[in-house]
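For reference, the structure is listed below as structure tokens.
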Amino acid sequence: NPPGILPTEYIFFFIFAQETQKCLSKGKEFFEQKEYTYAQKTLENCLKADPKNIDILVSLGGICMKQNNYDQAIIYFKSALKNMSKKSPYVSYVYTRLGDSYTHIKDFVKAGKYYEASLKFEPANINSLVGKGICEEKTGNYQKAAEYFKKALAVDFTNIVARERLIDLEPLILSHEEILSTMKERNILDPQALDYQDQDLELLKKML
């Protein structure tokens, strides 16, 4: 027996862990069947028996997100973080899910902070890199947004969201001279042109 645990206590602990796992498995089964309401009710019952169970809390957060209940998802994810060791392999994941939840309710400042926290634990977290880029873009920090999208593409060059956002940002992050030069290279402007018009910029965006 483990030190400090009596045989009867150990047996009780083992039975309790088994029951929790059965309850959790049932909830996940409902989730896979897209029976989100049943999944949530099942896992809420599991949580009553084991209020600090990380797996249950994270699963409930995910179910709430599926039902667009982002405020409740945030509560579950924060509770999971509170009960989670900073050495847990799930820390970065929970931070990025908090970022996603705040993004959905359009609180891009808070979302950005959680994506940033996620990246401290996992610098190559593609979801957090793209999410942080979107938050920077939404708050008008276009250069920073481009930096995060470039980092995301360095991790996964096939990421469509990062690539599309970077293309859309290009006219906003290039200097006047760079835009002018690009327009000339693409034959939008005459090589001798000294400036461009709004319609020229729109055409460049479409070409990009």
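What to note about this one:
- For the condition farther than 28 Å from Lys110 by Cβ, crowded, with 17+ Cβ neighbours inside 10 Å and at pLDDT 75 or above, Cys23 qualifies.
- Ala152 part of a helix (DSSP H, G or I), open to solvent by less than 70 Å² (accessible area, probe 1.4 Å), under 24 Å from Glu137 (Cα atoms) and in contact with an Asp or Glu (Cβ under 9 Å, 6 or more places away or on another chain): no
- The helices (runs of 4 or more DSSP H) found entirely in the stretch 52-119 that carry 2 or more residues being without any contact (Cβ under 8 Å) to a residue 24 or more places away in the chain are 70-82.
- Candidate set: the stretch 33-61, residues that are crowded, with 20+ Cβ neighbours inside 10 Å and touching a Lys or Arg at 6+ places or on another chain (Cβ under 7 Å); chosen: the one nearest to Tyr102 (Cα to Cα): Gly61
- Qualifying residues in the stretch 175-208 (those that are touching a Leu at 6+ places or on another chain (Cβ under 7 Å), in a helix (DSSP H, G or I) and not aliphatic (A, V, I, L, M)) - the one surrounded by the fewest Cβ atoms within 10 Å (Cβ to Cβ): Asp200
- When Ile134, Ile126, Ile160 are screened for being loosely packed, with under 15 Cβ neighbours inside 10 Å, closer than 30 Å to Leu98 by Cβ and not polar (S, T, N, Q), only Ile160 passes.
The values are calculated or read from the model by the stated rules, or taken from the named source; none is laboratory data. The shown structure was predicted, so the numbers you read here are calculated from the model rather than taken from an experiment. As a convention, Cβ positions derive from the backbone with ideal geometry for all residues, glycine included, and neighbour counts pool all protein chains shown. With ligands, DNA and RNA removed, areas are computed over all heavy atoms of the protein, side chains included. Shrake-Rupley method; radii C 1.70, N 1.55, O 1.52, S 1.80 Å.
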